[in-house]
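The values are calculated or read from the model by the stated rules, or taken from the named source; none is laboratory data. Not measured: the values here are computed from a predicted model. Ideal geometry is used to build each Cβ from the backbone, glycine not excepted, and the neighbour counts take in all protein chains shown.
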């Protein structure tokens, strides 16, 4: 069991991860196994048998001619045997009287089984010393046999022991396999393309980008999935638009009674005993107007702004400059250029809310941004304020919950909504400056 786990992990790392790669692997492996079995059956059994029979036939004819030469040493009779061997067997024979073989065996092996099969057949048939030279002639093999009174040189055509069809058969196997695999890869790529586009559209829609309707293509199941996604995306867009318009209308309608309340407060007689109560009511009205304006600003850009490439470093500098004009001490540490696709106005609004929340309760705010892991960008907003207890950090994201200084509003709620609409996340934790750190992760 302990050895299987590392083996399984190594196998998973070696296998392709994409659907196209795995589909092609499922086609390629059976295809290779099929061709290997076919090659083994044809080449390993049938062709080997044919090569052995050809070699045995040539070895028998050579041995027959040599036996006649050994039996009758008369030169005239030997010449007749050599002529008959060339005419009937197609081999050329020449006697070297008094010669002695210098070596035995085969000189330069050739591709294929013909040299080994012929060597085996000659050893079983001749029962004497001989050697073969496959470099003497490209079209023939030179066989030298030791006789009692010399050496017989035999030049046998290679076509006697070589079929020549093995390379045609291998080329046919490889060619047909490559053709079948190419056609399968083409069809599989077309099928996977629809799934890949669907996955890209789902991922883009999940991080707040609007890829538009997907054109259904591919197999029936893929077309059904694309059509279902188009319907789902349209329902979500319609719901978001209706929700935003409804809440924007409610917020806009609230401005009229708030204006009347502010006017009534301004027209009240200035009596010392009512001054404190009037000041508290005026502050509450101002707070309500600020929240309504913030939500209206959020609602105006929520349904119309589209994600486009933007320089996040420049955007952070602009947010810091606005906070400095409001009297805050803000430092910024970002790369020279950090471009990613986002809705710039919405992200600026979210970061402004975080910086405003920090500057209201701290004397120093630090903004940093850096790539994280190649797929995300990490933005941190640190302050040296009182911070928020860990058990209350999640509750401040709820609408109208108290923030780090006891105030209420929609700032952090809107900030998290915007960040999550981009496919990111926002978390609160303790800052190295002693206060609160807002950690924002945005996908690249």
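Against the numbered list (1) touching a helix residue (DSSP H, G or I) at 6+ places or on another chain (Cβ under 7 Å); (2) surrounded by fewer than 22 Cβ atoms within 10 Å (Cβ to Cβ); (3) part of a helix (DSSP H, G or I); (4) at pLDDT below 85, residue 423 comes up short only at (3).
When segment 1-37 is filtered for residues that are at pLDDT 75 or above and more than 16 Å from residue 192 (Cβ to Cβ), the ones remaining, listed by number, are 29, 30, 31, 32, 33, 34, 35, 36, 37. If the condition is being over 25 Å from residue 416 (Cβ atoms) and crowded, with 18+ Cβ neighbours inside 10 Å, then segment 196-224 contributes 197, 198, 214, 216, 218, 222.
Per-residue answers, yes or no, for (1) closer than 28 Å to residue 337 by Cβ; (2) modelled with pLDDT of 70 or more:
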| residue | (1), (2) |
| --- | --- |
| 281 | no, yes |
| 288 | no, yes |
| 295 | no, no |
| 301 | yes, no |
| 304 | yes, no |
| 309 | yes, yes |
| 319 | yes, yes |
| 322 | yes, yes |
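Taking segment 145-180, which residues are over 60 Å from the mean Cα position of the chain (by Cα) and either under 20 Å from residue 83 (Cβ atoms) or touching a residue at least 60 places away in the same chain (Cβ under 8 Å) (or both)? Residues satisfying the conditions are 145, 147, 148, 149, 150, 151, 152, 153, 154.
Yes or no, residue by residue, for (1) surrounded by 13 or more Cβ atoms within 10 Å (Cβ to Cβ); (2) modelled with pLDDT under 85:
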| residue | (1), (2) |
| --- | --- |
| 354 | yes, no |
| 357 | yes, yes |
| 360 | yes, yes |
| 371 | yes, no |
| 380 | yes, no |
| 383 | yes, no |
| 389 | no, yes |
| 406 | no, yes |
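Taking the criterion of being over 24 Å from residue 139 (Cα atoms) and modelled with pLDDT under 85, would at least one residue in segment 48-68 satisfy it? Within segment 48-68 (the criterion being over 24 Å from residue 139 (Cα atoms) and modelled with pLDDT under 85), the answer is no, since none of the residues qualifies. Of the residues making up segment 192-213, just one is modelled with pLDDT of 80 or more and part of a loop (DSSP other than H, G, I, E, B), namely 213.
Residues are listed down the side, and each one gets a yes or a no for (1) in a loop (DSSP other than H, G, I, E, B); (2) touching a helix residue (DSSP H, G or I) at 6+ places or on another chain (Cβ under 6 Å):
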residue: 45; (1), (2): no, no
residue: 52; (1), (2): no, yes
residue: 59; (1), (2): no, yes
residue: 103; (1), (2): yes, no
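Looking across segment 69-89, the residues that are surrounded by 18 or more Cβ atoms within 10 Å (Cβ to Cβ) and closer than 18 Å to residue 141 by Cβ come down to 82, 85, 89.
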